[in-house]
């Protein structure tokens, strides 16, 4: 979920990367070390190799290998890159044995943390003079959240996976052949629908990037229950992003001023979409269709 709010510094050396953590309340350095170590065992080459960890405050430091590649964020994500991204995430989610993933700590910005953040910050949001389109979308989002409150109090009945937990496309590097993944400081136990929702609803997947959500999600065969959870998780994360983007100060220039309006439109499309309750997902229906691709010029802006 992390975005422009920097939680660390990175020093790029010729063959390695030195990452220094500015905050570690969630044991971010330990999460990243654990994830990289597991991937080095079960999916070598998918992520940097962990080289050294100094957990001592005031600045825990992790050293890892440096991987070649260019970030996906900030341009057009080509079809070959979309396929490679889906392949990389499939490897990430299915290489770690379920019993190993089940023993991991829950990822940060879990569904419960998202709900807690939304409920804690909504009164402040509601007290601001905002565009009516934003306030209406958020109010309808809160009505939806109240109606679905019970489902967020327990983990879904789905296989546990290692979740990277930060869907910023800047964390996915294209080396010309494959995608490799970096930034695991928020990693932990998760499930596939939540992780897919994390990526497609991250502001970095639409704010300055031409990313075909439909084509990406079409790579993942989802059962009806997984599709329903994907839809609900997208709504949850879109609501969180709307609250978060609307609460930044007037001097914050990470995104254009009308970015919250665009985010409200994304949330509105998700709230208006239908969640499957039973049966199979109809043939030819791609999960990404529930909110469209947001490819209009209004959806292109400076990263948050």
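No value in this document is a laboratory result; all are computed from the given coordinates. Predicted model only: the values in this text are computed from it and were never measured. Note that each Cβ is placed from the backbone with ideal geometry, even for glycine, and that neighbours are counted across all protein chains shown.
Before moving on, here are some points about what is shown:
- Degrees, to the nearest 10: 28-42 long Cα axis against longest axis of the chain: 70
- Debye intensity ratio in log₁₀ form over the Cα atoms of the stretch 178-234, taken at each q of 0.12, 0.22, 0.30 Å⁻¹: -0.32, -1.05, -1.33
- Estimated purely from DSSP H runs of n ≥ 4, each contributing -39500 (n - 2.57), the mean residue ellipticity at 222 nm for the chain is -12500 deg cm²/dmol once divided by its residues.
- Helix 224-246 and the long axis of the chain differ in direction by around 90°, with both axes built from C-alpha atoms.
- Footprinting exposure proxy for 237, 13 (fewest neighbouring C-beta atoms within 10 Å first): 13, 237
- Neighbour counting of Cβ atoms within 10 Å sorts the residues 16, 107, fewest neighbours leading, into 16, 107.
- Projected over all directions and averaged, the alpha-carbon convex hull of the stretch 24-151 occupies 12.2 nm².
- Fraction of antiparallel bridges per DSSP, the chain only, in percent to nearest 5: 90
- Modelled this way, with points 7 Å down the Cα-to-C-beta line, the labels at residue 147 and residue 175 are 4.7 nm from one another.
- Helix 79-95 and the long axis of the chain differ in direction by around 70°, with both axes built from C-alpha atoms.
- Between the stretch 1-50 and the stretch 187-262, the alpha-carbon center distance in angstrom: 22
- When 54, 140 are arranged by Cβ crowding within 10 Å, least crowded first, meaning fewest neighbours, the order is 54, 140.
- Extension gain (nm, one decimal) between residue 120 and residue 103, 0.36 nm per residue minus Cα-Cα: 3.2 nm
- Once the C-beta distance of residue 42 and residue 67 is scaled by a Förster radius of 22 Å, the resulting FRET efficiency is 0.80 to the nearest 0.05.
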